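Novice: Can you read through this structure? Questions will come right after.
Since every read-out is calculated from the coordinates, none of them should be taken as a lab result. Every value quoted in this text rests on a predicted model; they were computed, and no experiment measured them. We place every Cβ from the backbone using ideal geometry, glycine too, and count neighbours over all the protein chains shown.
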Amino acid sequence: MAASGRLVSVDYEVFGKVQGVFFRKNTKRTADKLGLVGWVKNEVKPRPGQAVLRTVVGQVQGEESKVSVMKKWLRETGSPKSKIKDAHFRNESIIDRLEFSSFDIRK
């Protein structure tokens, strides 16, 4: 994979209506189509005095151009019934090799 482009890794968190709408399943499907590796899972964050914050978090790795496509999908498309309000990306870095062998849904 490295011969066709620079490898990158990025952590992400997606906000909005992203749980209970097959977001993780569609994220895996999209990552698999793009040939990316990493993981996705639901995140529940208690917030004192406010409703619990339910997001989707994960990490994606692969060829830089394909990771860019995935970032756009996470920010703008998502699953058909999701309503994305925001997506945050952090810890983006160039990597020498992939740290995962597939893209997995974590519980």
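Novice: Check off (1) exposed (fewer than 12 other Cβ atoms within 10 Å of the Cβ); (2) of a type in the set (Gly, Ala, Ser); (3) within 12 Å of the chain's Cα centre (by Cα) for residue 101 and give me the number that stays unchecked.
Specialist: Looking at each condition in turn, residue 101 falls short on (3).
Novice: Can you tell which of 80, 46 is more than 23 Å from residue 9 (Cβ to Cβ) and touching a strand residue (DSSP E or B) at 6+ places or on another chain (Cβ under 9 Å)?
Specialist: 46
Novice: So, in the stretch 37-52, of the ones that are out of contact with any Lys or Arg (no Cβ under 6 Å at 6 or more places or on another chain) and among the hydrophobic types (A, V, I, L, M, F, W, C), which residue ends up farthest from residue 100 (Cα to Cα)?
Specialist: Among them, the one singled out is 51.
Okay, residues lined up against (1) surrounded by 12 or more Cβ atoms within 10 Å (Cβ to Cβ); (2) part of a strand (DSSP E or B):
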| position | (1), (2) |
| --- | --- |
| 12 | yes, yes |
| 25 | yes, no |
| 44 | no, yes |
| 56 | yes, yes |
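Novice: Taking the residues in the stretch 62-96 that are assigned to a helix (DSSP H, G or I) and of a type in the set (Gly, Ala, Ser) as candidates, determine which candidate is nearest to the chain's Cα centre (by Cα).
Specialist: Going through the qualifying residues, I end up with 68.
Novice: Oh, and also: From the list 38, 49, which residue is among the small types (Gly, Ala, Ser) and in contact (Cβ under 8 Å) with a residue 40 or more places away in the chain?
Specialist: Residue meeting the stated conditions: 38.
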